[in-house]
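The values are calculated or read from the model by the stated rules, or taken from the named source; none is laboratory data. Remember, predicted model here, so these are calculated numbers, not experimental data. Neighbour counts are summed over all protein chains in view; Cβ atoms, including those assigned to glycine, are modelled from backbone coordinates with ideal geometry.
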Amino acid sequence: MPIFVNQEPLEFHLQSENVSYILTILENGQPGHLYYGKKLTHRESFQHFVRGGERGATAYLNEGDMNFSLELVQQEFPSFGTTDFREPAIHILQENGSRISGFEYVKHDTVKGKPKLEGLPATYTEDESEASTLILTLHDPVTDAELMLFYTIFEDTGAVTRSAKVLNNGAEPLRIKRFMSASVDFPDADFDMVQLSGAWVRERHVHSRRLVPGIQRVSSTRGTSSSQQNPFFAMVRPDTNEHTGDVYGFSFVYSGNFLAQVEVDHYDSARAMIGLHPFDFEWKLETGESFQSPEAVLVYSSEGMNGMSRAYHDLYRKRLARGEWRDRERPVLINNWEATYFDFNEEKILEIARSAHECGVELFVLDDGWFGRRDDDTTSLGDWVVDERKLPGGMKQLAENVTDLGMQFGLWFEPEMISKESRLFKEHPEWVIQAPDRRLSHGRNQYVLDFSNREVVDHLFSQMAAVLEDAPISYVKWDMNRNITEAGSAWLPRDRQQELWHRYILGVYELYERLTARFPHILFESCASGGARFDPGMLYYAPQAWTSDNTDAVERLKIQYGTSFVYPLSSMGAHVSAVPNHQVKRVTSLKTRGDTAFFGMFGYELDVTKMSETDREQVKKQIRFYKNYRSLIQKGVFTRLISPFGSNETAWMVTSKDKSTALAGYYQVLGEPNPGFKKLKLAGLDPDRKYKVSGKSLFYYGDELMHAGLDLEEPYIGTDTGGIQDSGDFTSQLYVIEAV
Ligand code: DGJ
């Protein structure tokens, strides 16, 4: 898989089986963008793609010349203040007050594989042949700063990753005010912008809007990637659907403040960029210091939204997630949060664990409330010492009692937080993120620890390591339940206060890195009030995430559907909880709750001891079913079939790589009186193979299932006076499709 290099003028063509990304060095020495999209045949020159002189500009770079203006030309990493009036990728403040920079080509290197990003999560290769990397080195003659642009193309998925690094070789400090990870100038703006937005218990709903002149953006300035906006957007041709059409995805491997935007100019060019949010950000770069941006992952697909998702799923499951648990089958778990909240003792926990184990559950997770004196959410965060009133034998005894049952044991932490009512707060009030002379706003009665401070990270590491070493713990749920306010650090000097947002996340990554290295056998699941930090950065450390606190089956259809735009099923925690559901009070059948949660990393979040015998028998069946197909669910190819947004129905399926087995789920929210005949068109099967479909006596060829469709079960139609069963509202149908 080559990176072609054309000389004079220099051009770089990154090519995979299906994708081409082509750039050049412009006449002012700056990198220019030529093409991104479906694979092109390589040729000796692509200079005819350079645009410019045909249109008028407001300002030109060279005296006496009316051709070359950065206002017109497509660029790779635009800087501020020189004939381009759109927002730049880089904005640097010099000691003399100047904010102008101009980075010119010095050299390029192409390497096999992909260099690591120090201290930051990023995609990786296991074998050098999986990807190739282009490194462009540029230089600003005025400041002596060096800028390195990294481009990697993955052979399998065609994903292009980008990041940038700036190094201060000059004599004076520089202040970075804006530093994007990727910027791409598209020649036209005929796109919809698709984003994943929401709120707590309504995460990652799909929204779409037509691009119009001006800036359209999604962002977070909360300190987390957030449930409000996910660090992702896609530019989608208007005729695109789930299966066909051109899509460009932009995903950011980062867990804090981000900016993702498309700026459409007066010639209908669209500049797409993604990176650290420049709001309240400034990074001081002393002589000799460098700053590395996080990574952006760009995916082009001509096979619609599903094509884009397939590339992200493949890359993020195999080459972003790491560690022992990346490929290992994930245990079916039970979590006690909704069963007990803070009100439990050892006896109650063991009762739930025993009963769950009888049903086939493999991992018991003890959630919030086991430490300090935490009977509600007002105290004890920061004191990671077991509460012996609730667990008199300590964590070791409880964990051993659970493991003696033949189950694994998991534990909840919220490492980044502190309660005022805690020993830690008495000892170190200065460890709280706070601004001088300002009030300390709380969120859920808690405050945020200053993870930019090395001592804080060290302290948390030793506290958590002590708990994890003491007891047989094989899973950790790492929660984070509030956003950052009064952003200030007692630890950072005055002129580095705006570094706090990024340094905080670097501290979180460091703690994750140290814990995952020290306890490689532990499965980490990330969580932030449910899905408020469901981002690629977290997946590097924790291969699965708690998708949402909302476990209502109907709401989960939208949440899981939207989440699957970028994130693989192997990353989505999905549990069956009690009814009426705690978040929306809806009552759905156990079947529908199970059929929805099957499309994720499966578990239960309820008190099994309170279930009827009939329900427990159904739980046993669900677990047996899931275990039979979990490898398929975790590692198969996921395809969305019918979107829940604007529809009463939802459908999706997962197919094994060899197309021999598939599992399809169809869901109907409200029952319909006497509806028409319905068929579900499947996808991704082998057209020529014969398949057996569960519940059907006929055999079908793959092409028939995909093009004519599968006859869905007949809905209930009639005058029955009986009770509410599995027909009516909130129904689901699950099909196993197996090649014969
Ligand atoms: C928020 C999480 O999303 C829940 O699952 C639970 O762990 C609570 N926090 C505990 O406080």
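Take the conditions in a strand (DSSP E or B) and at pLDDT 95 or above and apply them to F291. Does it pass? It is true that F291 is in a strand (DSSP E or B) and at pLDDT 95 or above.
I'd like to check something: does region 383-405 contain any residue that is within 16 Å of the ligand (Cβ to nearest atom) and of a type in the set (G, A, S)?
Checked against the condition, which is being within 16 Å of the ligand (Cβ to nearest atom) and of a type in the set (G, A, S), region 383-405 yields no hits at all.
When restricted to residues that are basic (K, R) and crowded, with 24+ Cβ neighbours inside 10 Å, region 541-589 contains 1.
With respect to the conditions (1) part of a loop (DSSP other than H, G, I, E, B); (2) away from the ligand (no atom under 16 Å from the Cβ), R482 lacks only one, and its number is (2).
To keep it simple, each residue is scored yes or no on (1) farther than 25 Å from N306 by Cβ; (2) hydroxyl-bearing (S, T, Y).
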site: L680; (1), (2): no, no
site: P687; (1), (2): no, no
site: Y691; (1), (2): no, yes
site: L698; (1), (2): yes, no
site: G702; (1), (2): no, no
site: A708; (1), (2): no, no
site: D711; (1), (2): no, no
site: Y716; (1), (2): yes, yes
site: T719; (1), (2): yes, yes
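Each residue in region 525-540 was checked for being within 16 Å of the ligand (Cβ to nearest atom) and surrounded by 24 or more Cβ atoms within 10 Å (Cβ to Cβ), and 11 of them qualify. Does any residue of region 505-524 turn out to be within 15 Å of the ligand (Cβ to nearest atom) and touching a helix residue (DSSP H, G or I) at 6+ places or on another chain (Cβ under 9 Å)? Within region 505-524, one or more residues are within 15 Å of the ligand (Cβ to nearest atom) and touching a helix residue (DSSP H, G or I) at 6+ places or on another chain (Cβ under 9 Å). Residues in region 137-149 that are closer than 16 Å to L23 by Cβ and either without any contact (Cβ under 8 Å) to a residue 40 or more places away in the chain or among the hydroxyl-bearing types (S, T, Y) (or both): T137, M148. Scanning region 532-553 for residues that are in a loop (DSSP other than H, G, I, E, B) and hydrophobic (A, V, I, L, M, F, W, C) yields a count of 3. For region 5-16, a residue qualifies if it is part of a loop (DSSP other than H, G, I, E, B) and at pLDDT 95 or above, and the qualifying residues are Q7, L10, S16. When you check V361 against the structure, is it more than 30 Å from I633 (Cβ to Cβ), more than 16 Å from the ligand (Cβ to nearest atom) and touching a strand residue (DSSP E or B) at 6+ places or on another chain (Cβ under 9 Å), yes or no? The answer is no for V361. I need a count of the residues in region 403-445 that are touching a strand residue (DSSP E or B) at 6+ places or on another chain (Cβ under 6 Å) and among the hydroxyl-bearing types (S, T, Y). Residues flagged as touching a strand residue (DSSP E or B) at 6+ places or on another chain (Cβ under 6 Å) and among the hydroxyl-bearing types (S, T, Y) within region 403-445 amount to 2. Taking the criterion of being over 20 Å from the mean Cα position of the chain (by Cα), surrounded by 20 or more Cβ atoms within 10 Å (Cβ to Cβ) and more than 16 Å from the ligand (Cβ to nearest atom), the residues of region 312-345 that qualify are P331, V332.
So which residues in region 219-234 are out of contact with any Pro (no Cβ under 8 Å at 6 or more places or on another chain) and not aromatic (F, W, Y), if there are any at all?
The answer is S219, T221, R222, G223, T224, S226, S227, Q228, Q229, N230, A234.
For region 467-521, residues that are without any contact (Cβ under 8 Å) to a residue 12 or more places away in the chain and more than 26 Å from the chain's Cα centre (by Cα) total 4. Per the listing D495, D552, the residue uniquely within 15 Å of the ligand (Cβ to nearest atom) and farther than 22 Å from F250 by Cβ is D552. Among the conditions (1) without any contact (Cβ under 8 Å) to a residue 40 or more places away in the chain; (2) farther than 25 Å from W325 by Cβ; (3) surrounded by fewer than 19 Cβ atoms within 10 Å (Cβ to Cβ); (4) assigned by TED's automatic domain parsing to the domain that holds A545, G676 misses just one, which is (4). Exactly one residue among E421, E416 is surrounded by fewer than 21 Cβ atoms within 10 Å (Cβ to Cβ), more than 29 Å from S355 (Cβ to Cβ) and assigned by TED's automatic domain parsing to the domain that holds S355, and that residue is E421.
Across region 430-459, which residue is surrounded by the fewest Cβ atoms within 10 Å (Cβ to Cβ) among those that are within 20 Å of Q498 (Cβ to Cβ) and of a type in the set (G, A, S)? It comes out as S441. Take the conditions (1) under 26 Å from T551 (Cβ atoms); (2) modelled with pLDDT of 95 or more; D686 misses just one of them, which is (1).
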